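Comments concern the structure below.
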Amino acid sequence: MYIVLFVYAATSKILDYENFTVQIGQSPLLSVFAGLISWLIPTIEIILALLLMSKKTQFLALNASFVLMMMFTAYIFIILNFSAYVPCSCGGVLEKMSWTEHMYFNIAFCLLALIAIIFSLQQLPLQSNTSKRKSKLLLLVMAAALGIAIVYGSFLKSEHIIHQENNFVRRYPPHLYKRMAKLELKYGGYYFAGYSNDTIYMGNYRAPLAILAISSDLKNAVEHKIELNNYDLPFRAANVRVLNQNFFLSDGTVPCLFRGDISSWNATQLSIPKKKFSAFEPIDSATAVIRSRKPMINESIVGLINLSKQNSEIFWNNKVLEKQIDGVFDCDGILNYNIELGYIIYTYYYRNQFIVSDNTLKIQYRNNTIDTTTKAKIKIVKLKNGDRKMAIPPVTVNRLMTTSGKYLFVNSDIRGHYESLKLWKQSLPVDVYNLVTKEYMYSFQVHNIKGKKPNAMFAAKNTVYFVFDKTMVGYKLDKSVIKNNIRNEIEHL
């Protein structure tokens, strides 16, 4: 029975090696060891099957088979009782079984092996001595205990590597986020402007003064129009942000800034320093953070504006963004503000790092995303007129970013280890990080619509929203599928 089981199991793994490797890669216990285990397990199974066929090695192989099956059983027991989530299947020949059924199957084989070993001890030459039989059984129990300890140790090591030393292995708890009803938009060009009172506010690049207010369940939408007290400005890149009851319309190319109330959508121009900026995020009604360029050297820098004072100066912090190549393209990224934690968050596009500071731009920490691209893979050329451009298409690491509660959501443009190429082409991964514990938590898949990936992402409460050209969808966290040991961690999303 063991020969048939091992030969069949090893053959099925080898014939479908890619799928088996992907399944191991999604294991909450073994994902970081998937490359080694995916070939080690079928190799051991084949070797044991060959040894079981010979009378000379049969007894030794039977003992090894018992230990291996005990390790498989321990693996399933840990999955069911200690893992953060239970994968869809355990892979291999028995993947149609439930995890519980598979554990009972393994226990039955362990008992069969143990019975066979006891009978074999009685029949083998020079084994009539009871003390010798007991000592050999004790060694067998110790070997099985060591095997179980190795499985449990692998679980602890995997947890540490996944959360603290990730080698770009994503963890996908099944069915963690469920897609809500989608909303068809009349026009393209929408982006997320903000969230207030269970309402999502959308701006539009093609119609800068148009605002679309959408209920958080995506069932209702109302259009608004912003009224300014000054239209005589050379607007080129107007952008809207909504924070609580206030909204801001900014254009860093002018530069100019308007502030108003969402109850009327009338905005008044504010007096700000004549310093151009390329990113703007309000912190409260009187403070905002911007990204601009340093004088003379023209490298990217972030600073704070106090909007309560007339012609107030900008407080710059030149230690936030770190130059790698040119200080401009290599520092390009996404600026966001987490109102719940009071954190300013900046995520680089082309390297695996995000920066977290408080609302005074004092850096709290720098952390890495699970991608391994530590240096931006870009090439810059300088034109005759002095302009600098990308010489080759850059490798985008962090494509989209949003934050809500204690969590940071990042859409990476890089496929992780042991991920299905077919699935990668049909969807995009969203990696979730805990801003308080500074850990990678898990990932979930967002399926493409009409072959296109989303061009905007926004998180609010327990839902992450996406815009696909003229379609908006929300993926809502399904807390019922979360195991007890991580349910408390995501309760405040």
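Counting only residues that are in a loop (DSSP other than H, G, I, E, B) and either modelled with pLDDT of 95 or more or polar (S, T, N, Q) (or both), the range 295-310 holds 3 of them.
Filtering the range 184-202 to residues that are within 13 Å of Ile262 (Cα to Cα) and part of a strand (DSSP E or B) leaves Ala193, Gly194, Tyr195, Ser196, Thr199, Ile200, Tyr201, Met202. Residues of the range 280-290 that are in contact with a Gly (Cβ under 8 Å, 6 or more places away or on another chain) and not aliphatic (A, V, I, L, M): Phe280 alone. The set of residues from the range 392-426 being modelled with pLDDT of 90 or more and either closer than 20 Å to Ile339 by Cα or surrounded by fewer than 17 Cβ atoms within 10 Å (Cβ to Cβ) (or both) comprises Leu400, Met401, Thr402, Thr403, Ser404, Gly405, Lys406, Tyr407, Leu408, Phe409, Val410.
Pairing each residue of the range 68-79 that is closer than 13 Å to Gly147 by Cα with any residue that is of a type in the set (Phe, Trp, Tyr) and at pLDDT 90 or above, provided the two are 6+ apart or on different chains, yields C-beta distances under 7 Å for Met69/Phe109.
Checked across the range 278-286, the condition of being of a type in the set (D, E, K, R) and over 21 Å from Thr437 (Cα atoms) holds for at least one residue.
Taking the condition in a loop (DSSP other than H, G, I, E, B) and among the small types (Gly, Ala, Ser), does Ser292 pass? Here the answer is no, as Ser292 does not meet what is asked.
You will find that of Leu185, Leu176, Leu112, the residue that is at pLDDT 90 or above and surrounded by 18 or more Cβ atoms within 10 Å (Cβ to Cβ) is Leu185 and no other. Cβ-Cβ distance below 7 Å, separation of 6 or more or different chains: which pairs start in the range 366-387 with a residue that is in the same structural domain as Lys319 (by TED's automatic domain parsing) and in a strand (DSSP E or B) and end on one that is at pLDDT 80 or above and charged (D, E, K, R)? Cβ pairs passing all conditions: Asn367/Lys438; Ile380/Asp326. Has the range 404-416 got at least one residue that is farther than 18 Å from Phe354 by Cβ and assigned by TED's automatic domain parsing to the domain that holds Val328? Scanning the range 404-416 turns up at least one residue that is farther than 18 Å from Phe354 by Cβ and assigned by TED's automatic domain parsing to the domain that holds Val328.
If you go through the range 284-304 and keep only what is surrounded by fewer than 18 Cβ atoms within 10 Å (Cβ to Cβ) and either more than 18 Å from Val328 (Cβ to Cβ) or not assigned by TED's automatic domain parsing to the domain that holds Gly342 (or both), you end up with Asp284, Ser285, Ala286, Thr287. Restricting attention to the range 311-348, the residues being more than 23 Å from Asp371 (Cα to Cα), aliphatic (A, V, I, L, M) and assigned to a strand (DSSP E or B) number 1. When the range 444-462 is filtered for residues that are part of a strand (DSSP E or B) and modelled with pLDDT under 95, the ones remaining, listed by number, are Phe444, Gln445, Val446, His447, Ile449, Lys452, Ala460.
Do we find a residue being surrounded by 15 or more Cβ atoms within 10 Å (Cβ to Cβ), in contact with a Leu (Cβ under 6 Å, 6 or more places away or on another chain) and not polar (S, T, N, Q) anywhere in the range 310-330? Taking every residue of the range 310-330 in turn, none turns out to be surrounded by 15 or more Cβ atoms within 10 Å (Cβ to Cβ), in contact with a Leu (Cβ under 6 Å, 6 or more places away or on another chain) and not polar (S, T, N, Q).
Within the range 208-283, which strands (runs of 3 or more DSSP E) (wholly inside it) include 1 or more residues that are at negative phi, surrounded by fewer than 18 Cβ atoms within 10 Å (Cβ to Cβ) and assigned by TED's automatic domain parsing to the domain that holds Tyr187? Spell out how you get there, then give the answer.
Values: elements: 210-215, 221-225, 239-243, 246-251, 256-261, 266-269.
Ranges flagged: 210-215, 221-225, 239-243, 256-261, 266-269.
The values are calculated or read from the model by the stated rules, or taken from the named source; none is laboratory data. Computed from a predicted model, the values in this text were never measured in an experiment. Cβ sites come from the backbone with ideal geometry, for glycine too, and all protein chains shown count toward neighbours.
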